[in-house]
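The values are calculated or read from the model by the stated rules, or taken from the named source; none is laboratory data. From a predicted model like this one, the values you see are computed outputs, not experimental measurements. Counting neighbours? That spans all protein chains shown, and the Cβs are built from the backbone with ideal geometry, glycine included.
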Amino acid sequence: MYFELSITMLYVAIMALASLPSIWRHIREIMASRMVWVVTIFVLISIMSIFWTMNMTRGILTVGVTGMLYAVFLGAVAERARLHMLMSRIIRVYIGSALVMCGLALVQFFAGIWLDASTTLLCAGCAAEQFGFARPNVFLIEPQFLGSALLPAALLLTRQVVLGTKDWRMRTALFIVMTVLVLTLSRGALLAFIAGLLVLWVIYRHEVRRWFLCAGLGIASLGCALILQGTAAVLNPQINETFRGAVAKSIHQLTMGVVDVREAVPQEQSIEATQQNKDSEPHFDGYVAESTDARMTRTGLALRRWRVDVPTILFGVGIGSAGMAIHEMFPDELGAREIVQNEYVEVLLERGIIGFTGFLAVLGGLFVITRKRSWCFAIITAFMVQWLFFSGYPNALHIYLIFSLLAVATLPRGQLGPATRY
């Protein structure tokens, strides 16, 4: 199968089915909204590309996921007034859930010291053998998706602290979420968080003193995460790593090799000692350049495949067929089942410049709709930055659900009006 049948996928399917009665009752009001029409046009372009897709199996599955997300969006539009009233409660439930996941992430992080990956549910690249300490992913596929799912919580809590909320629980929650973000060691999630922070700073730049408080919490969370990583490496009986060595590797990875405080490797060692150290040392000694290089390579190959002829430039190779198309042209570079790892380039390759324009129109419309609540810009920007590091619906369903929620819950109260209103 090209897609894993995850709990999240089942959840979206149930939401889509539950949305159908509301969509039927409010279909005229729904279709009177320009917002809906912009999304509908992009969805129709995506579905139509199934007729020229190079990978029918994945294309049909992707169209199915697209249809489910579209149904959830229309259902949210139909229940817009109710969602508007429940928005504050939804945010509280989400932040509470994020803290629960952070707690489980910490449990998983420490459990990874003594237990194997099958017991802790750590992904293959998350185990302590990689860096000397585990990278928590909880119930998600990889740590970067845990970091992605925590982004709105981190930004919403930052906003509360900047606005002067004196509840110590808010500051503690922000400290915990930022600490777990660092523990994931996901550069994409951390860069997205920084991008969101910059947007919040532009909006609330006059709150200088409170921004210093947020900076202090950020430095403290970074220090706490590094201490936890160093401690976990020392406590692990299967790994030959020092506290300083683990911390240095983490810093080297987080800064993409720019900051290097790793210790020099002793040159005079016996052959036996060298072999023994190799057997017990972590697989990586710092920044893993292959991860970045692979993403850049896939992006370059996808752009070269997109430029092959005019029809492909305009209409793409068809939904779900990016991997197949690249493999056909570069059989030794990428497998047929792989993805581009860049949402923008994947949309461009699969749906052409026409579909890509529709994609940008949806994102631009999202900024327009949420303009009266500009704090939403931080979340939207963070997720847009995240899309530079991965692609594919199954790995990012939360992004589309949150975008749908922001789009309908931040509009003025009242019934859906004529198209000119939106």
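General remarks:
- Extreme residue, surrounded by the fewest Cβ atoms within 10 Å (Cβ to Cβ), among residues of the stretch 131-150 that are touching a Leu at 6+ places or on another chain (Cβ under 8 Å) and assigned to a helix (DSSP H, G or I): ALA149
- Against the test of being over 20 Å from LEU366 (Cβ atoms), modelled with pLDDT of 95 or more and in the same structural domain as TYR393 (by TED's automatic domain parsing), the options LEU10, LEU17 yield a single qualifying residue, LEU17.
- Complete set of residues in the stretch 364-384 that are farther than 22 Å from ARG187 by Cβ and surrounded by 16 or more Cβ atoms within 10 Å (Cβ to Cβ): GLY365, LEU366, ILE369, THR370, TRP375, CYS376, PHE377
- Flag for ILE219 being in the same structural domain as PHE133 (by TED's automatic domain parsing) and surrounded by fewer than 19 Cβ atoms within 10 Å (Cβ to Cβ): yes
- Selection status of VAL161, more than 22 Å from LEU121 (Cα to Cα) and among the β-branched types (Val, Ile, Thr): yes
- Given (1) over 19 Å from ILE90 (Cα atoms); (2) in contact (Cβ under 8 Å) with a residue 40 or more places away in the chain; (3) surrounded by fewer than 18 Cβ atoms within 10 Å (Cβ to Cβ), index of the condition PHE389 fails: (3)
- Within the set ALA128, ALA189, ALA117, the sole residue that is surrounded by fewer than 24 Cβ atoms within 10 Å (Cβ to Cβ) and at pLDDT below 95 turns out to be ALA117.
- So ALA154, is it under 11 Å from ILE95 (Cβ atoms) and assigned to a helix (DSSP H, G or I): yes
- Taking the stretch 31-53 as the range and being within 15 Å of ALA71 (Cβ to Cβ) and in contact with a Leu (Cβ under 8 Å, 6 or more places away or on another chain) as the test, only VAL36 passes.
- For the stretch 207-229, the count of residues that are assigned to a helix (DSSP H, G or I) and closer than 22 Å to GLU343 by Cα is zero.
- Scope the stretch 58-116; condition of a type in the set (Phe, Trp, Tyr) and either without any contact (Cβ under 8 Å) to a residue 24 or more places away in the chain or under 16 Å from SER22 (Cβ atoms) (or both); matching residues: TYR70, PHE73
- The condition of being more than 16 Å from the chain's Cα centre (by Cα) and aliphatic (A, V, I, L, M) holds for only one of ALA361, ALA382, that being ALA361.
- Any hit, the stretch 148-164, residues being without any contact (Cβ under 8 Å) to a residue 40 or more places away in the chain, of a type outside the set (A, V, I, L, M) and assigned by TED's automatic domain parsing to the domain that holds ARG205: yes
- With respect to (1) part of a helix (DSSP H, G or I); (2) of a type outside the set (Asp, Glu); (3) touching a Ser or Thr at 6+ places or on another chain (Cβ under 9 Å), the lone exception for ARG169 is condition (3).
- Given (1) under 16 Å from ASN55 (Cα atoms); (2) touching a residue at least 60 places away in the same chain (Cβ under 8 Å); (3) assigned to a loop (DSSP other than H, G, I, E, B), number of the condition SER374 does not satisfy: (1)
- Pairs where the first residue, in the stretch 24-35, is without any contact (Cβ under 8 Å) to a residue 40 or more places away in the chain and the second is hydroxyl-bearing (Ser, Thr, Tyr) and assigned to a helix (DSSP H, G or I), C-beta under 9 Å, 6+ apart: MET31/THR40
- Selection status of VAL182, in a helix (DSSP H, G or I) and more than 30 Å from ALA246 (Cβ to Cβ): no
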